[in-house]
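Contents: one structure, followed by commentary.
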Amino acid sequence: MALTNDEYIRLMETAKKLRHEMVNITMEAGGAHIGGGLSALDIMVVLYFKYLNIDPAHPDDPDRDRFVLSKGHAAIAYAPVLAERGFFGKKLLDDFNKFKSPFGMHPDANKINGCDASTGSLGHGLSIATGMALGARLQGKKFRTYCMVGDGELNEGSNWEAAMSGAHFKLANLTVFVDRNMHMIDGPVEKIMGLEPLDEKWKAFGWQVIQINGNDVKQIADAIETAQKATEKPVVIIAKTVKGYGVDFMENQTAWHYGSLDSELAEKAHQSIDKVYAAMGA
Amino acid sequence: MSKEITGTTWTVYDANTLTQNEIYGRVLCELGEKHPEIVGLSADLAKSTKIGIFQEKFPNRFINVGIAEQNMFGIAAGMARTGLLPFVSTMAVFASMRAAEQVRTDICYQNLNVKIIATHGGVSFGPAGTTHHATEDIAIMRSFANMTVIVPADGIETANAVRAAVDWPGPVYIRTGRGFEPNYYTTEDYGFKIGKSVEIREGTDITIIAMGITVLQAAEASDFLKKNLGLSIRVINMHTIKPLDEEAIMKAVTETRRIITFEEHNIVGGLGTAVADVIAQSGKGCAFTKVGFPDVYSEVGYPEDLYAYYKLDANGIIEKVQEVMQKDFEEDENWDDEF
């Protein structure tokens, strides 16, 4: 097991706290990509609070690990994670989506402390992450690069250009998470533009494939530790997640790709989050 | 065999024996010695774009991504984020269109230090046809905030531009030809500065504003018309399209009152449009014509035949200049009544 019990409890508490914050920000912001944010959150929590070699006091450290949120619309999860990790004050999130806020629906690396790449247009992040991993190798640096792509995002052909090159260049310092939440804007991924057999696709492209439950922090931690041991191939972690995870009325609902919450609905969301975590003993 | 280039001064011999892109490749090698952060990228066009010269010298600092321009520009953005200085080379048509969003969103929006050397600009790859012609790239690239756009007149100016780009912050797009274009310059010591045009012929009757291959042709046209018709034709080498040398344009408006632009590009959105913007916003009118591809897809043919057909060679410039000299406009000394 990669996590001690204390670490597990701490990560669960952080994820729970951030889910509550995401609900509040979504309400205040007038709407957010909360479904795909909630599916992606646990992976970012495990990375930022356990594995990434980063220091909020030195956000531009050239030797830091990198994380590229290719599914930039999950900024609703990413921004609170960065704030909780200490890159900036939570107060800044009050203006999410508002005039001249550094935080819109998609993250801007030049405005957000701790953000490594501006993303939002799908199919871009994996190439950027590939460039970072190559940059590490060319400069003899030891840092690792992590990237998260959405499953619907994998419809974009540019991902597969990047996948081809990651294996070709043997970028074992690159780890990709697929947030396999099964839903895109217009419906279920397999119905709109199917990806299966997804593991076989990545294997055929030359990647080491790990499949996990992407909302289970223990499984996420185990997968990251396996990926860190890679020596020849880049690793893709196909993380089966639940879109809207933690909020019962959002779970597996395509409609909650993007949504807004009034105070009544937000209250229901908070209650659901408490219930889900209580059931897990957290 | 051309001799090795040393120092910073080009000889006439070098200029006449090396193509524009070979000079680029060699200058990049020279810069690579001084700047360990420089890396080269290409998409299966290392040989065609001459970035392969850099690859031979620094094999560990060169990445060939295969035929995948979108991935290449994304990778360049990621590399720049780690402190490297990527020089990316592919054909202008692919840099500006196949990977336009990566150039815009990954490189320009993030304001990253990536230098794009886009070869085969305009119709320089003539026989390849429209799929390999780049007649929209300047319009596209200059509309991206943070981007600097340079179209060198020849190989010598390419050397200057590539060197200047290293010290110029942010993304830079340098458009070259296929490499077989004749040189205008015989020395690189003429004070090249990004954003500052070069007046290569003095004149008072009309101003030609040229970029790229039309610079040499305009100089020849100016000399011909001076000798044969006694016309005094100013020629400006507008090597930087963005940021544009507005001062030189306004000086031409007030001093020569007639301006004609020549560009190896669609007349929509390129050099002529950029110059027209400046004139229109000044409120000071003058006779003005822009010459380029008249919003058409270019024909197939050898470049010199295409330049002749689209009036971008010396003969075409001579013809067009005489047309603009006949153009009627209010030519008085009082600007006030024209507002």
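Rule-based calculations on the coordinates, nothing more; no lab input. Note that the coordinates shown come from a computational prediction; the quantities given were computed from them, not determined experimentally. Every residue, glycine as well, gets a Cβ built from its backbone with ideal geometry; the counts of neighbours run over all protein chains shown.
If I stretch the segment between B:Y302 and B:K47 completely, what's the gain in nm (0.36 nm per residue apart, minus their alpha carbon distance), one decimal? Don't skip to the end; give the middle numbers.
Details: separation 255, 0.36 × 255 = 91.80 nm, distance 2.07 nm.
So the chain would gain 89.7 nm between B:Y302 and B:K47.
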Within 10 Å of each Cβ in A:133-140, the average number of Cβ atoms from other chains: 6
Helix B:271-282 versus the longest principal axis of chain B: what angle, 0 to 90°, nearest 10, using Cα atoms? 50
Under the rule a/c < 1.5 gives rounded, and otherwise a/b versus b/c splits prolate from oblate, where does the stretch A:178-226 land using the Cα gyration tensor? oblate
Among the listed pairs A:K203/A:K240; B:K47/B:K115; A:K100/A:K243, which have their C-alpha atoms separated by more than 20 angstrom in this model? A:K100/A:K243
To the nearest 20 debye, what charge dipole does the protein assembly as shown have about its Cα centre, counting +1 at the Cβ of each Lys and Arg and -1 at the Cβ of each Asp and Glu? 1900
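Can you work out the FRET efficiency for the pair A:H270 and A:E232, with r the C-beta to C-beta distance and R0 = 41 Å, to the nearest 0.05?
Values: r = 46 Å, r/R0 = 1.12.
My answer for the efficiency is 0.35.
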Percent of alpha carbon pairs in the stretch A:10-115 separated by more than 17 Å? 47
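Grab the alpha carbons of chain A, take their convex hull, and tell me the volume per residue in Å³. Show your work: numbers first, answer last.
Numbers: hull volume 32.9 nm³, N = 282.
Looking at chain A, the number lands at 117 Å³ per residue.
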Using Cα pairs under 8 angstrom and six or more residues apart, how large is the relative contact order of the stretch B:198-329, in percent? 26
Partners for A:K98 among lysines (Cα-Cα distance below 24 Å; same-chain residues under 8 apart left out): A:K17, A:K71, A:K90, A:K111
Can you tell me the 0 to 90 degree angle between the C-alpha axis of helix B:214-229 and the longest principal axis of chain B, rounded to 10? 30
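Please grab the % of Cα pairs in the stretch A:70-222 that end up more than 26 Å from each other. Walk me through the numbers on the way to the answer.
Details: 3587 of 11628 pairs.
Within the stretch A:70-222, distances greater than 26 Å cover 31 percent of Cα pairs.
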Taking chain A as a Gaussian network, where each spring joins two C-alpha atoms under 10 Å apart, which residue of A:I220, A:I34, A:I212 fluctuates the most? A:I212
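Sort largest first and round to whole Å: the equivalent ellipsoid semi-axes of the stretch B:198-329, each the square root of five times a Cα gyration tensor eigenvalue. Can you show the working numbers first?
Values: eigenvalues 87, 64, 34 Å².
After diagonalising the Cα gyration tensor, the semi-axes are 21, 18, 13 Å.
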Hits among lysines - C-alpha to C-alpha of B:K227 under 25 Å, sequence gap 8 or more where chains match: B:K251, B:K290, B:K311, B:K320, B:K327
Against the longest principal axis of chain B, how steep is helix B:69-81, in degrees 0 to 90 to the nearest 10, with axes from Cα atoms? 80
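Can you figure out the FRET efficiency of B:E319 with B:F180, using R₀ = 22 Å and their beta-carbon distance, to the nearest 0.05? Display every interim value, and only then the final one.
Numbers: r = 25 Å, r/R0 = 1.12.
Step by step, r from the Cβ atoms, then E = 0.35.
How much FRET efficiency would the formula 1/(1 + (r/R0)^6) give for B:Q326 and B:K193, where r is the Cβ-Cβ distance and R0 is 35 Å, rounded to 0.05? Numbers along the way, then the final one.
Numbers: r = 35 Å, r/R0 = 1.01.
Once rounded, the FRET efficiency stands at 0.50.
Any chance you could list the semi-axes, whole Å, largest first, of the equivalent ellipsoid that the Cα gyration tensor gives for the stretch B:119-276, using √(5λ)? Could the numbers behind the result be given before it?
Values: eigenvalues 112, 63, 52 Å².
For the stretch B:119-276, the semi-axes come out at 24, 18, 16 Å.
Size of the dipole of the stretch B:198-329 about the Cα centre, Lys and Arg at +1 and Asp and Glu at -1 on the beta carbon, nothing else charged, in debye to 20?
Values: 13 positive and 20 negative charges, 87 e Å.
Dipole about the Cα centre, nearest 20: 420 debye.
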Mind giving me the nanometre distance, one decimal, between the label points for A:D6 and A:Q253, set 7 Å out from Cα along Cα→Cβ? 4.0
If N is the residue count of the stretch B:12-175, its Cα Rg over 2.2 N^0.38 Å rounds to 0.93
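Cβ neighbours within 10 Å, averaged per peptide: list A:122-128, B:181-187 in order, most packed at the top. Each step should come with its number before you reach the end.
On the way: A:122-128: 29.6, B:181-187: 18.9.
Sorting A:122-128, B:181-187 by mean packing, highest first, produces A:122-128, B:181-187.
How big is the Cα convex hull of chain B in projection, averaged over all directions, in nm²?
On the way: hull surface 66.8 nm².
The Cα convex hull of chain B, projected and averaged over all directions, gives 16.7 nm².
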Where only C-alpha atoms are counted, convex hull volume of the protein assembly as shown per residue in Å³: 170
Which whole-number percent is the relative contact order of chain A (Cα, under 8 Å, 6+ apart)? 24
In nanometres, what is the gap between the two model label sites at A:I192 and B:E247, each 7 Å from Cα along Cα-to-Cβ? 5.3
